[in-house]
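Chemist: Input: one structure, supplied below.
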Amino acid sequence: MTSSTAPAPASASAPARRRSRRGGAEARAGLLLALPFVVLFLVFTAWPVLQSMIMSFTDMRISDIRSPFAVNFVGLQNYLTAFEDPVFRRAALNTAVFVLLGVPLTIIAGLAAAIALDKGVGKLRAVFRVGFYTPVITSIVAVAVVWRFLLQPENGLVNTVLGWVGIDGLHWLGDQRTALLSLVIMAVWRNFGTSMVIFLAGLQAVDRQLHEAAALDGANAWQRFRSITVPSIRPTLLFVLVTTSIGYLQFFEEPFVMTNGGPLNSTISASMYTYSQFGFGNYGVAGAMAYLTFLVIAIVTLVQFRLMREK
Amino acid sequence: MIERRRPVLTYIVLTVFLLLVITPFVWMILGSLKTQGELLRTPPTWWPEQPTLDNFRRLFERPFGRYFTNSAVVAVVVTAGNLVLSSMFGYALAHLRFPGKRILFGIVLACLMIPGLVTFIPQYVLVVNMGLANTIPALILPFLVQPFSVFLMRQFFLGIPRELLEAGRIDGVGEIAIFFRIYLPLAGPAFATLGILTFLGSWNNFLWPLVVSSSESTYTLPVALALISTGQNETDYGLLLAGATLIVLPILVVFLFFQRHFIQGIATTGIK
């Protein structure tokens with residue numbers, strides 16, 4: 001009490017001074033707490049993002065690794081090289097097919113599982129949810145090894161089971177017509193659990209009374225799904241669509257482990273080919289290919305946001 | 001009548017799908033316990049006729065103990081780093097005013113969607129020039145701070161009332177101490193989610209370890225398994241299935257114990 005009694009003229013500026021002193025302490029604390037993250041982030045993420053773009057316009061090769069700034073600018077040459085490379089074009093096509101097949105299948109499987117579980121399957125709901133989610137937590141490299149074993153032509157489990165019902169087994173990963181499809185199926189198996197869990201959360205937003213009222217008015221299940229469920233979960237749908245597309249546009253481990261890109265480049269992906277260009281030491285070309293993938297990711301994301309928002 | 005029949009159908013369909021989904025794991029574990037001869041047999045056997053750990057013995061004749069330790073050390077350090085550094089920065093972004101705050105958060109957000117494919121070559125050049133190529137720190141450093149982590153922690157701290165901060169100031173607690181003594185002890189749920197996601201991401205990570213590791217001393221489990229599986233002419237499935245089991249089984253056991261945290265973590269980050 002006694003210490004706070006101050007002379008009249010000073011009391012007017014005291015709160016202001018105290019506030020600015022506190023502001024200084026707050027700013028110092030803020031900077032101090034931010035510092036370790038920001039330094040590591042600028043060095044190991046932000047700067048490489050920028051450097052990667054610069055690199056894609058230079059003739060940088062593995063021999064320049066000790067002097068990454070002593071390189072020549074070559075304009076768009078690396079991008080032209082990428083477009084003129086038939087293997088890269090094939091890789092881009094494979095990636096597009098992988099995304100166009102894989103994304104809808106993953107979303108349909110995830111949404112179907114979520115709706116089935118949301119209807120209330122009682123105590124077993126938790127068991128189904130855990131089971132469907134299990135592949136998501138596993139290493140893609142590990143499950144790719146397991147799937148290669150499952151898909152073996154002579155004594156793989158898949159062909160054995162098909163044999164029981166009288167279907168001749170296929171040479172899944174060795175045939176150009178089925179290799180990429182096999183990778184898509186494995187990716188759907190590995191990832192639909194994520195979309196299921198997110199859809200399960202999103203389905204909480206669906207008004208059950210609206211469903212009951214519509215059912216009384218004679219709307220069938222499909223009509224109710226189209227007109228009530230889908231509009232209610234639109235934000236969730238958009239989120240799953242965007243994140244699944246971004247993930248699938250970069251698929252890498254599946255062909256690396258299961259097919260090594262073959263047969264005849266029928267499963268090589270854009271990521272995998274970028275990695276092999278890096279392996280050959282063509283850093284500039286690899287950088288251009290990586291940025292092309294990134295550009296496609298950005299465009300696909302923007303388009304999906306537009307399409308989903310307008311309706 | 002219809003209402004009663006439908007759940008039964010749903011159960012049957014779901015059960016069939018559940019069996020399809022978990023069969024690869026069952027097949028992996030059973031296969032890892034079979035002898036080389038039994039694995040080559042047509043038609044394949046279901047239950048191992050003479051269950052053996054021989055595949056695992058052969059696995060550990062190669063330095064798989066080392067690979068396992070490498071994977072574990074990297075995942076633990078990366079997880080710890082993300083929890084500590086992202087909660088510090090996330091708290092500052094949520095509750096403190098400091099110069100450069102907007103611009104720093106903007107840069108972090110801009111990098112949220114940038115794939116590892118874009119950054120790995122400059123990161124490799126950087127690590128080589130730092131003299132860290134083919135070392136454990138090189139596996140860790142680029143993942144120690146991640147945009148997603150700070151985004152998650154900022155969102156979490158925004159949900160904790162500012163009044164706690166004001167009260168701490170009135171009680172004369174220092175600015176840094178307010179974070180460590182008042183806010184950090186409340187971050188348990190966010191730490192559980194972020195910890196699980198970061199650990200899984202690191203344990204299963206492939207591209208960067210593949211790029212930066214070039215000898216047995218730094219291989220992680222996925223890199224070692226991928227190199228064995230692509231390196232041989234005659235495929236040794238006993239060894240490969242044992243390796244896959246070694247990667248998947250520890251995570252699977254932890255998942256079955258803490259599945260609620262795993263699944264809720266994904267769901268909450270999904271909805272935001």
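Chemist: Only one of A:Ile198, A:Ile167, A:Ile228, A:Ile137 is surrounded by fewer than 18 Cβ atoms within 10 Å (Cβ to Cβ), farther than 20 Å from B:Tyr237 by Cβ and aliphatic (A, V, I, L, M). Can you tell me which? Break it down stepwise before answering.
Modeler: Working: A:Ile198 fails: surrounded by fewer than 18 Cβ atoms within 10 Å (Cβ to Cβ); A:Ile228 fails: surrounded by fewer than 18 Cβ atoms within 10 Å (Cβ to Cβ); A:Ile137 fails: surrounded by fewer than 18 Cβ atoms within 10 Å (Cβ to Cβ).
Exactly one of A:Ile198, A:Ile167, A:Ile228, A:Ile137 is surrounded by fewer than 18 Cβ atoms within 10 Å (Cβ to Cβ), farther than 20 Å from B:Tyr237 by Cβ and aliphatic (A, V, I, L, M), namely A:Ile167.
Chemist: While we're looking at this one, here's another question. Within the range B:182-224, track down each residue that is among the polar types (S, T, N, Q) and either more than 14 Å from chain A (Cβ to nearest Cβ) or in contact with a strand residue (DSSP E or B) (Cβ under 6 Å, 6 or more places away or on another chain) (or both). Break it down into steps so the answer makes sense when it comes.
Modeler: Filtering the range B:182-224 for residues among the polar types (S, T, N, Q) gives B:193, B:198, B:202, B:204-205, B:213-215, B:217-218, B:220.
Across the range B:182-224, the qualifying residues are B:Ser215, B:Ser217, B:Thr218.
Chemist: Name the pairs: first residue in the range B:108-119 and within 7 Å of chain A (Cβ to nearest Cβ), second residue in a loop (DSSP other than H, G, I, E, B), Cβ to Cβ under 6 Å, at least 6 apart or on different chains?
Modeler: B:Pro115/A:Gln250; B:Leu117/A:Gln250
Chemist: Tally time: how many residues in the range A:62-97 are basic (Lys, Arg) and more than 24 Å from A:Asn260 (Cα to Cα)?
Modeler: To start, the set of residues in the range A:62-97 that are basic (Lys, Arg) comprises A:66, A:89-90.
Applying the additional criterion that residues be more than 24 Å from A:Asn260 (Cα to Cα) yields A:66.
Qualifying residue count for the region: 1.
Chemist: Taking B:Ala75, is it more than 8 Å from chain A (Cβ to nearest Cβ) and either outside any helix (DSSP H, G or I) or in contact with a Phe, Trp or Tyr (Cβ under 7 Å, 6 or more places away or on another chain) (or both)? Don't jump to the end; show me each part of the working.
Modeler: Details: more than 8 Å from chain A (Cβ to nearest Cβ): yes; either outside any helix (DSSP H, G or I) or in contact with a Phe, Trp or Tyr (Cβ under 7 Å, 6 or more places away or on another chain) (or both): yes.
When the stated conditions are applied, B:Ala75 passes them.
Chemist: Residues of the range B:131-151 being surrounded by fewer than 17 Cβ atoms within 10 Å (Cβ to Cβ) and either within 12 Å of chain A (Cβ to nearest Cβ) or of a type in the set (Asp, Glu) (or both), which ones?
Modeler: At the first step, the residues of the range B:131-151 found to be surrounded by fewer than 17 Cβ atoms within 10 Å (Cβ to Cβ) are B:131-132, B:134-135, B:137.
The answer is B:Gly131, B:Leu132, B:Pro137.
Chemist: Here is a follow-up. Only one of these is crowded, with 21+ Cβ neighbours inside 10 Å and either more than 9 Å from every other protein chain (Cβ to nearest Cβ) or under 26 Å from A:Gly262 (Cα atoms) (or both): A:Leu183, A:Leu105, A:Leu101. Name it. If you could, list the steps in order and put the result at the bottom.
Modeler: Numbers: A:Leu105 fails: crowded, with 21+ Cβ neighbours inside 10 Å; A:Leu101 fails: crowded, with 21+ Cβ neighbours inside 10 Å.
The conditions single out A:Leu183.
Chemist: Let me ask something else about it. So, in the range A:247-271, of the ones that are surrounded by fewer than 17 Cβ atoms within 10 Å (Cβ to Cβ) and either of a type outside the set (A, V, I, L, M, F, W, C) or at the interface with chain B (Cβ under 8 Å from one of its Cβ atoms) (or both), which residue ends up nearest to B:Leu227 (Cα to Cα)?
Modeler: Let us first name the residues in the range A:247-271 that are surrounded by fewer than 17 Cβ atoms within 10 Å (Cβ to Cβ), namely A:260, A:262-264.
If we keep only those that are either of a type outside the set (A, V, I, L, M, F, W, C) or at the interface with chain B (Cβ under 8 Å from one of its Cβ atoms) (or both) as well, we get A:260, A:262-263.
Working: A:Asn260: 11, A:Gly262: 17, A:Pro263: 19 Å.
Looking at the filtered set, the residue picked out is A:Asn260.
Chemist: So which of A:Thr194, A:Thr229, A:Thr178 ends up being within 30 Å of A:Asn94 (Cβ to Cβ), modelled with pLDDT of 90 or more and more than 13 Å from every other protein chain (Cβ to nearest Cβ)?
Modeler: A:Thr178 is the lone residue from the list that is within 30 Å of A:Asn94 (Cβ to Cβ), modelled with pLDDT of 90 or more and more than 13 Å from every other protein chain (Cβ to nearest Cβ).
Chemist: Quick check on my filter: what residues within the range B:152-168 are surrounded by 15 or more Cβ atoms within 10 Å (Cβ to Cβ) and within 12 Å of chain A (Cβ to nearest Cβ)? Step through it out loud before you land on a result.
Modeler: We begin by selecting, within the range B:152-168, every residue surrounded by 15 or more Cβ atoms within 10 Å (Cβ to Cβ); these are B:152-157, B:160, B:165, B:168.
Correct list: B:Met153, B:Arg154, B:Phe157, B:Leu165, B:Gly168.
The values are calculated or read from the model by the stated rules, or taken from the named source; none is laboratory data. This structure is a prediction, so every number in the text was calculated from the model and none was measured. Ideal geometry is used to build each Cβ from the backbone, glycine not excepted, and the neighbour counts take in all protein chains shown.
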